[in-house]
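Only the coordinates and a few stated rules stand behind these numbers; no lab work does. Just so it is clear, the structure is predicted and the values come from calculations on it, not from any experiment. Here the Cβ positions follow ideal geometry from the backbone for every residue, glycine too, while neighbour counts run over all protein chains shown.
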Amino acid sequence: MDFVWRRFVNRLCCSSIRAPPPLTRQLHVGQRASLIKTFCSHDLELFAALTGDTNPVHLDPAYASTTCFGKPIVHGVLINGLISAVLGTKMPGPGCVFLSQEIRFPAPLYVGEEVLAEAKVRQIKMLFAFITVTCSVKEKVVMEGEVMVRMPVGQRQ
């Protein structure tokens with residue numbers, strides 16, 4: 001029995017010694033990342049086909065002209081997807097996991113407008129980053145809020 005126990009402890013200890021420590025992508029408070037995108041009507045049609053969200057305020061110029069927006073607007077989830085792209089590809093990058101979000105859409109994003117999606121690290125607690133996010137067209141904010149992500153751990157680059 002003593003032999004089995006020593007073998008188990010030896011294997012456990014040796015494997016721990018040989019394994020490199022987990023890696024995390026280094027972030028710091030104030031760090032920023034961004035991307036720019038222009039959505040076209042084809043993007044909205046693809047999204048509608050994929051999700052089933054065929055709300056005519058996004059897809060039908062005649063219908064949208066009768067609304068307070070006056071013309072088709074981009075789905076909010078597509079705008080929010082830009083933030084997911086920033087977080088998943090730039091900061092913190094591959095391996096991060098989007099855990100929660102609180103977002104608002106103070107103004108519409110119209111088809112054909114160039115939108116800037118930005119993320120800024122507000123706080124870091126252990127493996128979690130709290131990130132302020134905005135999407136804007138020039139001075140017009142079309143989405144704003146805060147997200148929490150779990151930073152990548154154990155990735156080998």
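For a paramagnetic label modelled on Asp43 (point 7 Å from Cα along Cα→Cβ), amide N atoms under 18 Å away belong, within segment 114-157, to 114-119, 134-144. When only Cα pairs below 8 angstrom with a gap of at least 6 residues are kept, segment 34-157 shows a relative contact order of 26 percent. Here the spin labels are modelled as points 7 Å beyond Cα on the Cα-Cβ line, and at Ile36 and Met126 they lie 4.0 nm apart. Please find the FRET efficiency linking Asp53 to Glu114, where r is the Cβ-Cβ separation and R0 is fixed at 22 Å, and quote it to the nearest 0.05. For Asp53 and Glu114, the calculated efficiency is 0.45.
Our coupling estimate for segment 47-54, obtained by passing each phi through the Karplus curve with A = 6.51, B = -1.76, C = 1.60 and θ = phi - 60°, is 4, 4, 5, 6, 9, x, 7, 9 Hz, Gly and Pro reported as x. The slack between Val141 and Leu99, meaning 0.36 nm per residue of separation minus the straight C-alpha distance, is 12.8 nm. Based on C-alpha pairs under 8 angstrom that are at least 6 apart in sequence, segment 52-109 has a relative contact order of 24 percent.
Applying both filters, DSSP loop and at most 12 other Cβ atoms within 10 Å, to the GluC sites (Glu not before Pro) of segment 97-157 gives Glu139.
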